[in-house]
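Step one of this worksheet: look at the structure below.
The values are calculated or read from the model by the stated rules, or taken from the named source; none is laboratory data. Note that the coordinates shown come from a computational prediction; the quantities given were computed from them, not determined experimentally. Positions of Cβ are backbone-derived with ideal geometry, glycine not excepted, and every protein chain shown enters the neighbour counts.
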Amino acid sequence: MTERFRGGGTIPDNGDTSAWTVTYTPVTQLTLSANQVAVLLVAAP
């Protein structure tokens with residue numbers, strides 16, 4: 001399998017990410033170190 005990197009995850013050669021899951025956790029505060037990133041949502045999609 002050739003690995004292609006995109007946004008912090010490895011995308012399979014066939015592009016099938018249907019088995020991937022996302023866990024949403026409510027937070028009231030977030031601290032990031034240098035070179036870290038987070039995506040904050042107002043509501044779960």
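Under the condition of being modelled with pLDDT under 80 and assigned to a loop (DSSP other than H, G, I, E, B), the residues counted in segment 1-22 number 6. Evaluation of L30 against the conditions (1) at pLDDT 85 or above; (2) touching a strand residue (DSSP E or B) at 6+ places or on another chain (Cβ under 7 Å) shows that the sole unmet condition is (2).
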